[in-house]
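Data first, discussion second: the structure below is written as structure tokens.
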Amino acid sequence: MTWRCLRELPPPSRGTRGLACSADPLRAMADAPATAPEAAAASTPASTAIKKGSLVRVNRQAYANSLEAQASDAVAPDYIFEGPAEVLLIKGDYAQLRFRRPVPDVWLRCSQLEAMPA
């Protein structure tokens with residue numbers, strides 16, 4: 001079902017609820033205030049050095065006392081500290097990493113990552 005189909009539906013009968021998303025989605029996106037790229041970069045300085053496609057490894061000291069370490073196994077596997085892991089996606093302060101091993105992708109804070117030496 002597309003947005004046009006939703007607008008072509010007859011109005012709801014009495015006693016039923018109508019669709020809440022009858023507005024034009026493109027107009028809503030265009031009217032949303034845009035943030036300046038400089039402000040976004042200033043709020044997350046660690047993510048400026050790490051970009052999508054970068055090869056990284058996990059900083060052992062930054063990871064040791066983190067919330068992610070407390071929620072995981074007591075002993076982290078050595079391959080996350082040795083690297084390399086490829087950054088697949090960055091959302092906010094977190095990066096999705098894929099290691100070159102048959103393990104699931106993981107999300108870690110960008111502040112816990114360091115770029116692999118060239």
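What follows draws every value from the coordinates through simple rules; no lab data is involved. These numbers come from a predicted model, not from an experiment.
Between GLU86 and TRP107, what length comes free when the chain is fully extended (0.36 nm per residue of separation minus the Cα-Cα distance, one decimal in nm)? Mind dumping the intermediate values first?
Details: separation 21, 0.36 × 21 = 7.56 nm, distance 1.16 nm.
Here the segment from GLU86 to TRP107 would lengthen by 6.4 nm.
What does the extension gain come out to for LEU67 and LYS52, with contour length at 0.36 nm per residue minus their alpha carbon separation? Each step should come with its number before you reach the end.
Numbers: separation 15, 0.36 × 15 = 5.40 nm, distance 2.34 nm.
Here the segment from LEU67 to LYS52 would lengthen by 3.1 nm.
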